1. Is the range B:210-352 rounded, prolate or oblate when judged by the Cα gyration tensor, a ≥ b ≥ c being the square roots of its eigenvalues, rounded requiring a/c under 1.5 and prolate requiring a/b larger than b/c?
2. Indicate the gyration tensor shape class of the range A:300-361 (rounded, prolate or oblate), computed on the Cα atoms with a ≥ b ≥ c the square roots of the eigenvalues: a/c under 1.5 is rounded; otherwise a/b larger than b/c is prolate and the rest oblate.
3. In the range B:104-253, what percentage of the DSSP-assigned beta bridges are antiparallel, given to the nearest 5?
4. Rounded, prolate or oblate: pick one for the protein assembly as shown, where a ≥ b ≥ c are the square roots of the eigenvalues of its C-alpha gyration tensor, a/c under 1.5 means rounded, and failing that, prolate if a/b is larger than b/c, else oblate.
5. Partner chain Cβ atoms within 10 Å, averaged over the residues of B:303-312 - can you pull that number for me?
6. Give the nm distances, rounded to one decimal, from residue A:147 to the matching residue in every other copy, measuring between label points 7 Å along Cα toward the beta carbon; shortest first.
7. From a point 7 Å beyond the Cα of residue A:387 in the direction of its Cβ, which residues of the range A:215-241 have a backbone N at a distance under 17 Å?
8. Suppose the chain between residue A:447 and residue A:270 were pulled fully straight at 0.36 nm per residue; how much longer would it get relative to their current alpha carbon spacing?
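Just so you know, all these numbers are worked out from the coordinates, no wet-lab data involved. Quick caveat, the model's predicted, so the values are computed rather than measured. Reconstructed Cβ throughout: ideal geometry from the backbone, glycine too, with neighbour counts over all protein chains shown.
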């Protein structure tokens, strides 16, 4: 499904910004993680409501040459060279058209391995008033490159249905052909705005950043790492307010919620697949999340973040949905119409929550294994970031109580595993228009426990 | 006055963090802006409640050699060399003692110009479990260096009372002595965590950042620039709630408030000192700031930031202080006891406001001339950042209505100019314990219009 297009005039804070448009130009040999970086940047920016789109030159090239062999990428293969240039031309033309229609940040995913090619892209963008930010991924860590090659040969459409060994060999030959002409970004190009990432963030060089939006993209990219790790998500155990069908507040756990807290250490252990490792535990500052984390191993670090507190329901805090509908019928209606953007009187919207979660996402990107015990709306937003969920849908996800979710980011997407505690709890999911205290999710609801 | 010491266990979000302690080691020839960077970093971190302190080796050296000539800094001057090493030793010893007492981020301000010296500092810190982050300021822009030299010879205690021309010449000789032994951070030191800033942020290299706190310091430092610019601050014009003595809300301007909005363009023009330049205008999303900015030149960009909205007074929104005291006597009392940390029920504290203002400060650091029309508490927090105001005091500052404040950051501090509109308005300042709707500030109140 096509993602709903985020609105133009926003800087991720829901406010108008100056008319900056940026073309992020990836630079690097094959198997340097360019596409991974491009996809992550797109996902992050869209999560912040910044209209972003990857233009992958390989996809354009494949229209004419679906499964070319390494020879195709030899500089002496004139026909191959012509077709690759045509693909770049087509991608850039589409991209500039997309900017004319109001796009904010395009990511041009290709090797862009020569100074000439980079200059050409800059000139095309300059002419349209689009800024360029070159992002070069360099890597001399052989192990990293090999694991990328392995990933590519098993996932690239260029090698579908081919013998894996032959594919890997062909891909190494392709890289060798690129190496012949590859020019790293250097002093001669010091007029370019660029970010050079060496060995996935071990070292970065940043040149001539011009404005705030560029600096945000750069800050995000420089915080990425690719160490294997997982993120565990859980809501607090069932609270008394859950039982009463009230929202917000700072209630204690119910008895069943306490039982979940006692069970959580085992549930986490079950998720370890044999590899025991200490986790860092993040909770909100509200007592129901702190109580839920209390039986986890003492030697695990625990942090409390106010940024993980539940969505602030303002004047509706501590009310049931029936009371809200009774007292604020227009608000009740408006929220169901546009749950993502609706801001409670004196409180927050999902959009507001995403903005306050941004430092959390940034720290998650920097971190390794983290267990987060938080609240329904917060978990929905964090989940939406990792799983690329649509903003229209994420506020309606069913996140059951007493369930542990383990997310493991991979090169192309995020794996999800679910561990259920088998301790009953009320449902806190609510359908559009409903004022029921507890109801079962509809058939077509996306549930995070399935 | 000594600043109140911010608490140990905080990451600027008011939550516990892991026990990271960082020594930021400045590296660079004289007149490269090291002390400026060190002072700014200290101010920023303290504003975020992170305990930070600059240790300036020159101050230790001056105890024994108050006004040395350039010869003192010649590597062949053994006595000078010995004294400079003793000063470094004393500063590092004091610093490590400070860390033992719970300090979070020390900034060691000295040239630290040789690899040997840097290695020595790293080993001393390693032994105490303190991380090191080397920050090298390199500069080959002669104009920039000369303006720094000019600044130094007029402000450095080394040259107090000396002939300016002679001082400048001596200082250039001192730099030449340092240049003889200066070693830039290079490949041989790739095990160090470092940030290399070339020509004040035009280009930066970041190596081996290890954790979140380091990444925040680096992000701040890489956003600094030293172009000459000013920041204009104004509250909205008098609102109806100001007149009624109510807090919060989203009221319209009073007639006098409207008059201030009409007057504001002239007031800004008056502050230009002849140099006319377009400003970018930031307001909050509340109607009283937007209305106040409405008569400013059409061609100036205007942005609305939710982050500039007034401190959220939660359940007390739209109430007078008398009503608050009546309805929530304990809260009224608690707030006066510790106004910086008191969080309104369902609302915010000054500490919370500082955290949401951080992106604003970051963008201000990146920007040039900005006019901010905002609210009393927000203005107090922004002012506290630029003027290094104590957190205990900043919530009690008197910020009169109908007054334009122009702040101009200089190398050592921030200049303040005040322009009064001569349009009467109520006072919204409130003394401890008072429930008056309008009262005059006490004699000893710090007023931003004086």
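1. oblate
2. Values: a/c = 3.38, a/b = 1.91, b/c = 1.77.
It comes out prolate by the Cα gyration axes.
3. Values: 6 of 11 bridges.
Close to 55 percent.
4. Details: a/c = 1.44, a/b = 1.01, b/c = 1.42.
Rounded.
5. Per residue, the average neighbour count from other chains is 3.
6. Going from nearest to farthest copy, the values are 4.7 nm.
7. A:230-236
8. That pair, residue A:447 and residue A:270, stretches by 61.6 nm at full extension.
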